[in-house]
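The values are calculated or read from the model by the stated rules, or taken from the named source; none is laboratory data. Just so we're clear, the structure is a prediction, and the values are computed from it rather than from any experiment. SASA here: full protein model, heavy atoms, side chains in, ligands and nucleic acids out. Shrake-Rupley method; radii C 1.70, N 1.55, O 1.52, S 1.80 Å.
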Amino acid sequence: MLLVAVGLLALGVVAYLRVRVTPDQLRRRIERDLPLGSRSGKVLAFLDSLKTEHSGVTPSHYSGSTTIITAAIRGIRKGNLLADGIFMEFHFDDKDRLIRYTVKYGYTWP
């Protein structure tokens, strides 16, 4: 009985600490669901489907793009001293077409 309890506790800890999604997994999903040329409305719907926090369409200060959407999936790994997340940027041209995106891990203080 004790072994069963310890085993269940260990499984619970592993499930709690495991990574829920990785940047590579997210990039593959974006490649599949948001091909270059997608409109900003489609990107916003995609981010809403992930239940991720995100900006609206805002003016871009980056060369080559006119507007940008930023997004974050925070706290993907629990138990770290630093707050972490996956941070995304979606860049659009003057015709509201997706021209590039970035997906990367980021760390901040809690």
For region 22-104, the Cα-Cα pair-distance distribution in 10 Å bins from 0, as whole percents, is 18, 52, 24, 6, 0
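How would Tyr107, Tyr101 line up by accessible area, probe 1.4 Å, largest first?
Reading off the accessible areas and sorting them downward yields Tyr107, Tyr101.
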